[in-house]
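Worksheet for the structure shown next.
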Amino acid sequence: MSVKIDIFSGFLGAGKTTLIKKLLEEAFTGEKIALIENEFGTVGIDGRIMKDYDLQITELNAGCICCSIAGDFTQGLREVLKLYKPDRVLIEPSGVSKLSDVIKGCTPFLREGLVSLNLCITVIDAGKYKIYLKNFAEFYKDQLKNAKTIILSRTAGMDREKLDAIIEGIRQYNSEAAIITTSWDSLDGKAILHTAEEECRSSMEELIKREKPAFRISNQKVSGIRIGSQKEGHSAEEVFSVWGIETAKLFGRGKLEDILYKLDNSDMQILRGKGILESENHQWLQFDYVPGEITVREWVPDYTGRICIIGSLLDKNKLKQLFEI
């Protein structure tokens with residue numbers, strides 16, 4: 001019996017890791033699971049966040065699965081299948097990966113009969129749908145078009161008319177995928193899994209045969225996010241940049257929140273920030289940043305502090321000054 005491959009795509013900060021954690025806790029019970037975690041940059045954060053779960057984690061950093069580390073992904077998946085013999089492999093590509101490329105990266109294993117494509121999910125932050133669709137169309141539309149299930153995050157309390165408008169917009173790019181709009185807090189993980197598995201029956205070959213459209217990235221500025229007009233066919237490394245650093249510096253919660261608010265109001269094109277940092281009295285903090293939304297929570301002790309910032313045309317010297325590193 002072939003190993004199930006579950007792909008969780010979604011733009012930066014959409015909630016992929018949160019969804020995976022929910023499914024691990026509520027749906028993937030009694031299964032031997034491996035996770036291939038791909039972060040855009042050399043400093044890994046999400047792999048550490050997942051360390052408390054009973055699964056084998058393989059981290060691929062410094063690029064996207066099908067760009068600069070394509071060979072690493074093929075080798076990593078083959079080693080996972082051979083060494084751990086899992087029932088299910090979860091693949092969480094970088095938020096700036098193209099879903100079509102991730103699917104293609106799995107095709108050699110499909111042809112060998114080693115795997116079957118089970119879930120093919122794209123997570124969409126409902127509040128940022130229009131902003132990212134307008135400014136990062138080349139990557140965003142690819143994730144929409146190639147998903148078999150589209151799950152909207154952060155829908156709690158959202159206006160129903162706005163949700164309907166998002167659904168209508170998604171249908172322009174994908175007329176077949178199941179779209180889940182109900183707040184995750186109201187849904188059991190098993191219900192999400194059942195819906196996604198019912199919708200993810202198309203073979204990998206059928207997905208690959210879809211015609212790849214040509215898209216241009218808008219040059220308009222929207223809510224502080226902007227990017228110059230680009231031609232089709234860019235890799236993530238050509239459009240996005242990353243600043244990552246390891247540090248033993250101590251960050252008080254108030255100081256960290258102040259830094260993140262300054263980050264949110266800077267003139268840089270920052271799309272995602274995350275980190276695990278040591279605070280006073282041997283306390284640790286984990287932070288998440290997406291434009292307009294900042295979260296800081298207590299965390300378990302780790303071996304060193306790490307920060308990862310992703311955006312377009314980042315000023316790395318300004319970031320060092322901001323974090324006083």
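Things worth noting here:
- The residues on offer are 34, 14, and the sole one that is assigned to a loop (DSSP other than H, G, I, E, B), buried (at least 22 other Cβ atoms within 10 Å of the Cβ) and modelled with pLDDT of 60 or more is 14.
- Candidates 222, 242: the one that is open to solvent by 30 Å² or more (accessible area, probe 1.4 Å), at pLDDT 60 or above and among the β-branched types (Val, Ile, Thr) is 242.
- Segment 270-282 - residue that is not acidic (Asp, Glu) and not in a strand (DSSP E or B) and, of those, farthest from residue 306 (Cα to Cα): 281
- Residue in segment 285-325 that is nearest to residue 251 (Cα to Cα), counting only those that are open to solvent by 20 Å² or more (accessible area, probe 1.4 Å) and of a type in the set (Phe, Trp, Tyr): 299
- Considering only residues in segment 108-117 that are in a strand (DSSP E or B) and open to solvent by 10 Å² or more (accessible area, probe 1.4 Å), the one that is nearest to residue 1 (Cα to Cα) turns out to be 116.
- Segment 166-215: number of residues that are at pLDDT 65 or above, of a type in the set (Gly, Ala, Ser) and open to solvent by 50 Å² or more (accessible area, probe 1.4 Å): 2
- Filter result for residue 105 (of a type in the set (Gly, Ala, Ser), assigned to a helix (DSSP H, G or I) and under 19 Å from residue 37 (Cβ atoms)): yes
- Out of 144, 163, one residue alone is open to solvent by less than 10 Å² (accessible area, probe 1.4 Å) and within 16 Å of the chain's Cα centre (by Cα). It is 144.
- Pairs are defined by a Cβ separation below 7 Å, a sequence spacing of at least 6 or placement on different chains, a first member in segment 112-127 that is within 17 Å of residue 102 (Cβ to Cβ), and a second member that is of a type in the set (Lys, Arg) and open to solvent by 10 Å² or more (accessible area, probe 1.4 Å); the pairs so defined are 116/4; 118/4; 120/148; 123/16.
- Residue match in segment 73-95 (condition: at pLDDT 90 or above, in contact with a helix residue (DSSP H, G or I) (Cβ under 8 Å, 6 or more places away or on another chain), open to solvent by less than 40 Å² (accessible area, probe 1.4 Å) and aromatic (Phe, Trp, Tyr)): no
- Only one entry of 250, 277, 285, 271 meets the criterion of being in contact with a strand residue (DSSP E or B) (Cβ under 6 Å, 6 or more places away or on another chain), closer than 26 Å to residue 139 by Cα and not basic (Lys, Arg), and that entry is 271.
The values are calculated or read from the model by the stated rules, or taken from the named source; none is laboratory data. This structure is a prediction, so every number in the text was calculated from the model and none was measured. Glycine gets a Cβ as well: all are built from the backbone with ideal geometry, and neighbour counts include every protein chain shown. Areas reflect the complete protein model, heavy atoms only, side chains present, ligands, DNA and RNA absent. Shrake-Rupley method; radii C 1.70, N 1.55, O 1.52, S 1.80 Å.
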